[in-house]
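Just so it is clear, none of the values below were taken in a lab; they were calculated from the coordinates. Because the structure is predicted, anything quoted here is derived from the model rather than measured. Ideal geometry is used to build each Cβ from the backbone, glycine not excepted, and the neighbour counts take in all protein chains shown.
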C-alpha cells in the first residue's frame, strides 16, 4: 500500500507502516526496529516524517482524553487531532489558548514542529505542553515534564527523541469568540498601521495573493476590547458574506464569520473539521521574522510579486508571541510569519524558495520545520541560540540515530 502525506505530494519511503493499537505494541516495535519514525496526520510538506526504515502510525492508539479539572490540564493521545477532543474540553468548561488554522492536525505532529495559530499574545501550540510521554530508542516509556532540564529542547523535537504517545496540555477557562472579515486592505494602510492591525483581535490573519496593491482579506477573531472595528477599517470594508482565504473556494469549508459568536474551537481555526481544509492539492512554506520587521519583510517580498503571484493560492501573515522552546521558529522573539499556500508545482516553487529566503535573510528568517524550505544547517545554526544544545540532546537520547532520517541527518549532527 502506498502511503502519502495529507496533500498527496510526498510518498513515504518506509519499508513498512505499522498501526499499533496499544502503547506496549509501540514499545516493542521501536525496540526491534532499525530506523523508525512516528507518523501523525501527515500534514507535512517535506520529508521530516519520512524514513527508509519503518513508520509507526499513532492513529490506532486508544483515543485517550483525561481532563484534570483541578489542575486545568488534559492528557491526550499523541495521534489525536485537535478537532477530535476540543468539543469535549468546551463541554467541561475549558479551552486551549489557541488553535491552528486546521483542526485536522495531530497534536504530537503539531507540537513537534511548533505549529501555531495567530495572535500577538499567543504562543505556538507547543507552549501549552506541560508534559510528554514518549517511547525512546530502547523501547522504554519515559515522561518528561515541565521543569526537567531537557524539557525546552524536547517539546519541539522534530520526532528525533522518540515516539510521543501522549501529551499533557495546559487549559484555560472556556470562552466564546466571534470573527469578522475585512476585504481589500490597502497596502499603504498595512505598512502604516501593521502593528495595530495585527493586534486588533485575539487572533488576526492577513491574506494576500500578491496580485494587487491591496491585501485581499483581514480575519479578526475576538477583538480584545468591546469595540469591534467598524464597517470601514483602515480603508478595508467589512465583508457582507462568508469568505474563503483562497479565491474561488467554497466558503462552506470555513468556520462561521460575520460576527456570530461561537465556541473557541469553532472560531479560532479557519476551517471546519467536517470539510477538507484549505484546497487539498497544494504545497506550503512558512517563514518567520521578528514582528517588528513585518512591514520591511512585506516590502521585500513585494519586490518579487510578479514571480510569486502565479504560484500563490494565498499567503497568510500572522503573529506568534515569543516562547522559550529551543527550536520553535518563534524562540525568544515575538514573530510574524508569512505562510504560503502554493499551487502543486514542486519544481517551480522549489526554484523560488531560495529567492524568498535571501530577501528575508536580513531579518534572520526561520522556516517552519514541517514545510518547504531550502536553508541549510550552517545558516539555521546561526539563527537559533540553542541549536548546538539540541544536537547534544539528540546524541544523548538517540546516539545511534534510530529516529533519524535524511531530513534530520542533513540539518543536525549528534554532537
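In square nanometres, what is one fourth of the surface area of the convex hull spanned by the alpha carbons of region 1-132? Mind showing how you got there, number by number?
Numbers: hull surface 35.2 nm².
Result: a mean projected hull area of 8.8 nm².
Identify which of 247, 347, 399 has the largest mean-square fluctuation in a Gaussian network model of the chain, with springs joining Cα atoms closer than 10 Å.
347
Please give the length that would be gained between residue 304 and residue 193 if that part of the chain were fully extended, namely 0.36 nm times their separation in residues minus their C-alpha to C-alpha distance (nm, one decimal). Intermediate values should be presented prior to the final figure.
Working: separation 111, 0.36 × 111 = 39.96 nm, distance 2.24 nm.
Result for the pair: 37.7 nm of gain on full extension.
Nearest 5 is fine: what % of DSSP beta bridges in the chain come out antiparallel, could you say? Don't skip to the answer; put the middle values down first.
On the way: 64 of 72 bridges.
So the antiparallel bridges in the chain amount to around 90 percent.
Between region 1-76 and region 81-122, what is the C-alpha centre distance in whole Å?
With region 1-76 and region 81-122 each reduced to a Cα centre, they are spaced 18 Å.
Relative contact order of the chain: what whole-number percent is it, with Cα pairs under 8 angstrom and at least 6 residues apart?
Numbers: 957 pairs, mean separation 73.9, N = 415.
Across the chain, relative contact order equals 18 percent.
For the chain, modelled as a GNM with alpha-carbon contacts under 10 angstrom, which of 363, 403, 340 fluctuates the most?
Of the options given, 363 has the highest mean-square fluctuation.
At 222 nm, what helix-only mean residue ellipticity would the chain give, in deg cm²/dmol to the nearest 500, using -39500 (n - 2.57) for each DSSP H run of four or more? Write down the numbers at each step before the final one.
Numbers: 11 runs with 92 residues, N = 415.
Helix-only estimate at 222 nm: -6000 deg cm²/dmol.
Classify region 65-174 as rounded, prolate or oblate from the Cα gyration tensor: take a ≥ b ≥ c as the square roots of its eigenvalues, call it rounded if a/c is under 1.5, otherwise prolate when a/b beats b/c and oblate if not. Kindly include the intermediate steps, with their values, before the conclusion.
Working: a/c = 1.62, a/b = 1.42, b/c = 1.14.
Prolate is the answer for region 65-174, as a/c is 1.5 or above and a/b outweighs b/c.
Please work out whether region 176-368 counts as rounded, prolate or oblate from its C-alpha gyration tensor, where a ≥ b ≥ c are the square roots of the eigenvalues and a/c under 1.5 means rounded, while otherwise a/b larger than b/c means prolate and anything else oblate? Don't skip to the answer; put the middle values down first.
Values: a/c = 1.44, a/b = 1.27, b/c = 1.13.
It comes out rounded by the Cα gyration axes.
Taking only Cα atoms and a 10 Å spring cutoff, compute GNM fluctuations for the chain and point out the largest among 244, 266, 396.
The residue with the greatest mean-square fluctuation here is 396.
Determine, for 148, 339, the number of other Cβ atoms within 10 Å of each Cβ, and report the residues in order from fewest to most.
Values: 148 13, 339 21.
With the fewest neighbours first, 148, 339 line up as 148, 339.
Relative contact order of region 12-71, please, whole-number percent, based on alpha carbon pairs below 8 angstrom and at least 6 residues apart.
Details: 83 pairs, mean separation 28.5, N = 60.
48 percent.
For a test of the definition: using alpha carbon positions, the gyration tensor, and the 1.5 limit on a/c, classify region 1-68 as rounded, prolate or oblate.
On the way: a/c = 2.31, a/b = 1.29, b/c = 1.79.
Here region 1-68 falls in the oblate category.
Considering Cα pairs under 8 angstrom that are at least six residues apart, work out the relative contact order of region 176-368 and quote it in whole percent.
On the way: 366 pairs, mean separation 45.4, N = 193.
Once normalised by length, the contact order is 24 percent.
Provide the gained length on full extension for the span residue 176 to residue 87, in nm with one decimal, where the gain is 0.36 nm per separating residue minus the Cα-Cα distance.
Numbers: separation 89, 0.36 × 89 = 32.04 nm, distance 1.24 nm.
Difference between extended and current length: 30.8 nm.
Provide the gained length on full extension for the span residue 138 to residue 350, in nm with one decimal, where the gain is 0.36 nm per separating residue minus the Cα-Cα distance.
Working: separation 212, 0.36 × 212 = 76.32 nm, distance 3.76 nm.
Going from the current span to full extension adds 72.6 nm.
Suppose we keep just the DSSP beta bridges with both residues in region 263-398; what percent of those would be antiparallel, to 5?
95
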